[in-house]
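These notes are about the structure you will find just below.
The values are calculated or read from the model by the stated rules, or taken from the named source; none is laboratory data. In this text, all values refer to a predicted model and were calculated from it rather than measured experimentally. Neighbour counts run over all protein chains shown; Cβ positions are idealised from the backbone, glycine included. Ligands, DNA and RNA are stripped out before the accessible areas are found, and what is left, the full protein with its side chains, is counted by its heavy atoms. Shrake-Rupley method; radii C 1.70, N 1.55, O 1.52, S 1.80 Å.
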Amino acid sequence: MSKQLTKAEEQFMQVLWDIEEGSVKDIIEKLPEPKPAYNTVSTIIRILETKKFVSHMPKGRGYIYYPLIKKTDYTNQSLHKLVDNYFEGSFKSMVSFFVKKNDLDLKDLESILKEIDKQNQ
């Protein structure tokens, strides 16, 4: 999975990841105002199918769409791309950047380190 999503595609994927499966109408219902047109959502969902992020199954006269890619897999791939493109592949540089730019205090850093420690056990 080396394809990136556009902002609109990612927004629709977020909805599908949340609802797990649904029709175009279901997706539209979950989107914020102003709601996009039915044809717009339908077109973007078909693009997501072409990119192999989404598939469908027939239901009545329409289709139910569902994600083929897990949110965690896409998140991981996107994070690695961010680190590679902006921080020369260094997670340490990325964390340092966010610490400096977001004024993280010692408590926040300790909390992050505890989370990392939990993951490594």
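Below is a table of values for the structure above.
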| item | result |
| --- | --- |
| Calculated diffusion of region 56-110, Stokes-Einstein form, Kirkwood radius summed over Cα pairs, 37 °C and 0.692 mPa s, µm²/s | 230 µm²/s |
| Residue-averaged [θ]222 nm for the chain, counting only DSSP H segments that reach four residues, each worth -39500 (n - 2.57) | -19500 deg cm²/dmol |
| Pairwise label distance in nanometres, Val95 with Gln77, each label 7 Å out on the Cα-Cβ vector | 2.6 nm |
| Kyte-Doolittle mean at least 1.0 and Cα axial length at least 24 Å: DSSP H helices in the chain | none |
| Residues of the chain: accessible area per residue with a 1.4 Å probe, Å² | 74 Å² |
| Surface share of carbon and sulfur [accessible, 1.4 angstrom probe, percent] for the chain | 53 percent |
| Positive-end residue, the chain charge dipole about Cα centroid, Cβ charges, pick of Phe53, Ser96, Leu109 | Phe53 |
| Using θ = phi - 60° and Karplus 6.51 cos²θ - 1.76 cosθ + 1.60, couplings along region 57-65 (whole Hz; Gly, Pro as x) | 9, x, 8, x, 8, x, 9, 10, 9 |
| Stretchable slack from Asp84 to Tyr38, in nm (0.36 nm times residue separation minus alpha-carbon distance) | 12.9 nm |
| Per principal axis, descending, Cα span of the chain in whole Å | 56, 31, 27 |
| Estimated FRET transfer efficiency (Lys114, Glu29; beta-carbon r; R0 41 Å; 0.05) | 0.60 |
| Nonlocal amide H pairs with Ile64, under 5 Å, H built at 1.01 Å | Met57, Lys59 |
